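Working notes, beginning with the structure itself.
What follows is calculated from the coordinates using simple rules that are stated; it is not laboratory data. Please read these numbers as outputs of a predicted model, since none were measured by experiment. Heads up, the Cβs are rebuilt from the backbone with ideal geometry, glycines too, and the neighbour counts pull from every protein chain shown.
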Amino acid sequence: MTDVMARPHPLVASDRVEGTAVRRPNGDMIGHIERLMIDKITGKVSYAVLSFGGFLGMGSNLLPLPWARLRYNTGFEAYELDIDDEELKHAPSFRADKDFDWGDRSQEAALHRYYGIPPYWGGF
């Protein structure tokens, strides 16, 4: 009997995504994925929340990223985010001790406009 789990496939368990490094295309470390936000109705991943800055989790910022902005880089075994320091500095973010208001669609729309990515629910 063959081990079904040993065959390569495009799926990944959410607990394996959390904690995964996020790097720039040149390999520089930006942060790591803190958590995923999944649309309850469609079941699709809508956002990755990137943790960056701080020391040992203290004082870190959380950056909600539209999932479509990331891509997995097998060479780095990390998610890749093409973002420069200035864009990262001005990106919508929140402190780790607060939370983004996921119920406020206007905040989500502003987030998608910032990244130039159509919202997962359609429109722009």
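For E77 and W102, compute 0.36 nm times the residue count separating them, minus their Cα-Cα distance, and round to one decimal in nm.
On the way: separation 25, 0.36 × 25 = 9.00 nm, distance 2.90 nm.
Roughly 6.1 nm would be gained on extension.
Express in nm, to one decimal, how much length is gained between K89 and L36 on full extension, taking 0.36 nm for each residue of separation and deducting their alpha carbon distance.
On the way: separation 53, 0.36 × 53 = 19.08 nm, distance 2.13 nm.
Roughly 16.9 nm would be gained on extension.
Which residues' amide hydrogens lie under 5 Å from the amide hydrogen of H32, considering only partners 5 or more residues apart or on another chain, with H built in the peptide plane?
Long-range HN contacts for H32: V22, S51.
Add -39500 (n - 2.57) for each DSSP H run of 4 or more in the chain, then divide by its residues: what number comes out at 222 nm, to the nearest 500 deg cm²/dmol?
Values: 3 runs with 21 residues, N = 124.
Result for the chain: -4000 deg cm²/dmol, rounded to the nearest 500.
Which one of P64, P25, P92 has the biggest mean-square fluctuation once the chain is modelled by GNM with Cα springs under 10 Å?
Ranking P64, P25, P92 by mean-square fluctuation puts P25 first.
Which one, F94, V45, G27, is farthest towards the positive end of the dipole of the chain when Lys and Arg carry +1 and Asp and Glu -1 on their Cβ?
Toward the positive end, the furthest listed residue is V45.
By how many nm would the segment from A68 to V12 grow when fully extended, if each residue of separation counts as 0.36 nm and the alpha-carbon distance is taken off?
My answer for the length gained is 18.6 nm.
Tell me, what HN-Hα J-couplings in whole Hz come from the Karplus equation 6.51 cos²θ - 1.76 cosθ + 1.60 at θ = phi - 60° for each residue of the stretch 88-98, using x for Gly and Pro?
Listing the rounded values in order: 5, 4, 9, 5, x, 8, 8, 6, 4, 8, 10 Hz.
Please list, ordered by chain and number, the residues whose modelled amide H lies under 5 Å from the amide H of S60; skip anything fewer than 5 residues away on the same chain.
F55, A96
Report, in whole Å, the centroid distance computed from the Cα atoms of the stretch 16-32 and the stretch 43-107.
The stretch 16-32 and the stretch 43-107 have Cα centres spaced 10 Å from each other.
Suppose every K and R has +1 on its Cβ and every D and E has -1 on its Cβ; what is the size of the dipole of the stretch 9-115 about the Cα centre, in Debye to the nearest 20? All intermediate terms of the calculation are to be shown ahead of the outcome.
Details: 13 positive and 17 negative charges, 50 e Å.
Value, rounded to 20: 240 debye.
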